[in-house]
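The values are calculated or read from the model by the stated rules, or taken from the named source; none is laboratory data. The shown structure was predicted, so the numbers you read here are calculated from the model rather than taken from an experiment. With ideal geometry, Cβ positions are generated from the backbone for all residues, glycine too; neighbour counts draw on all protein chains shown. Just the protein is used for accessible areas: all its heavy atoms, side chains included, with ligands, DNA and RNA removed. Shrake-Rupley method; radii C 1.70, N 1.55, O 1.52, S 1.80 Å.
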Amino acid sequence: SQKIEQNSEALNIQEGKTATLTCNYTNYSPAYLQWYRQDPGRGPVFLLLIRENEKEKRKERLKVTFDTTLKQSLFHITASQPADSATYLCALIPGGSYIPTFGRGTSLIVHP
Amino acid sequence: GAGVSQSPSNKVTEKGKDVELRCDPISGHTALYWYRQSLGQGLEFLIYFQGNSAPDKSGLPSDRFSAERTGGSVSTLTIQRTQQEDSAVYLCASSLSQGQETQYFGPGTRLLVL
C-alpha cells in the first residue's frame with residue numbers, strides 16, 4: 001500500500017544549527033513533492049516544491065532534496081532560529097493528479 | 001480578502017446533529033480543496049473542486065458528508081448526523097488553477113461532536 005513516512009518524534013536542535021527533516025515514501029510515483037509549515041491552530045503554509053526531475057531546490061535558508069531512487073526527500077533549514085519551531089509536512093502529488101497526499105508531519109523545536 | 005477564510009472557527013455540536021462549514025477561497029482561485037486533520041494525523045483529503053467541472057469526491061468518508069461550491073467561489077461542507085469520530089479540524093485550501101501547485105490554506109474549523 002502507499003505510505004508516506006515522516007519522523008513522528010520531535011526534532012530538538014540548538015539555535016544556529018542545521019535542521020534536517022526526512023520524508024520517505026513507498027509505492028508512489030510522485031510527479032512532485034511539497035513541503036509545508038504548520039503552526040499550532042493554523043493551516044499549513046506552502047514553503048517549497050520540488051519536481052521528480054529536480055535533485056535540489058533552495059529558498060533563502062531552506063533546501064529540499066529529492067531522491068526518487070531512495071524514495072526520499074530531505075528538508076534542511078540552515079542557521080535555524082527559535083521562530084522556525086513548527087510542524088513540517090511533506091506532501092506528494094502523483095503524476096496526472098492534482099490531489100496531494102500528506103505525511104503526518106515532524107515537529108521541529110529550536111532552542112535558543 | 002487577502003487569504004482563505006473559514007467559518008465558524010470552532011463548532012461544538014451534539015451527536016446526530018447536522019453541521020455546515022463554510023470556506024471563502026482567495027478571489028480568482030478556481031481550485032478548492034477540503035481536508036480533515038485529526039489529532040496527530042496527517043491531512044486527509046475529502047473533496048476537490050475545479051472550476052465548473054464535476055468535483056472529485058473520492059475522499060469523502062461516508063455519504064453523511066457532502067460539499068458544494070456555488071458560483072465557483074464559496075464552498076460549504078455539510079456533515080449530516082454527526083458522529084464523535086467526525087471531531088477534527090476541517091481545512092479548506094484554494095489554488096489559482098488546476099495544475100498550480102501552491103495551495104493556500106485557511107485557518108480551519110475545529111469541530112467537536114459530543
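A few notes on this one:
- Looking across the range A:14-31, the residues that are under 26 Å from residue B:40 (Cβ atoms), of a type outside the set (S, T, N, Q) and over 8 Å from the mean Cα position of the chain (by Cα) come down to A:19, A:25, A:28, A:30.
- Residue match in the range B:88-97 (condition: exposed (fewer than 14 other Cβ atoms within 10 Å of the Cβ), at pLDDT below 95, within 11 Å of another protein chain (Cβ to nearest Cβ) and more than 12 Å from the chain's Cα centre (by Cα)): yes
- The residues listed here are A:105, A:16; of these, the one that is at positive phi, out of contact with any Cys (no Cβ under 6 Å at 6 or more places or on another chain), surrounded by 17 or more Cβ atoms within 10 Å (Cβ to Cβ) and touching a residue at least 24 places away in the same chain (Cβ under 8 Å) is A:105.
- The one condition from (1) open to solvent by less than 30 Å² (accessible area, probe 1.4 Å); (2) touching a Leu at 6+ places or on another chain (Cβ under 8 Å); (3) at the interface with chain A (Cβ under 10 Å from one of its Cβ atoms) that residue B:103 does not meet is (2).
- Of all the criteria given as (1) among the β-branched types (Val, Ile, Thr); (2) at pLDDT below 95; (3) out of contact with any Ser or Thr (no Cβ under 9 Å at 6 or more places or on another chain), the one not satisfied by residue B:12 is (2).
- For the range A:54-102, a residue qualifies if it is open to solvent by less than 60 Å² (accessible area, probe 1.4 Å) and of a type in the set (Lys, Arg), and exactly one does: A:63.
- None of B:71, B:3, B:16 is within 14 Å of another protein chain (Cβ to nearest Cβ) and either in contact with a Gly (Cβ under 8 Å, 6 or more places away or on another chain) or over 20 Å from residue A:98 (Cα atoms) (or both) except B:3.
- Filter pass, residue B:63 being away from chain A (no Cβ under 14 Å), among the acidic types (Asp, Glu) and in contact (Cβ under 8 Å) with a residue 24 or more places away in the chain: no
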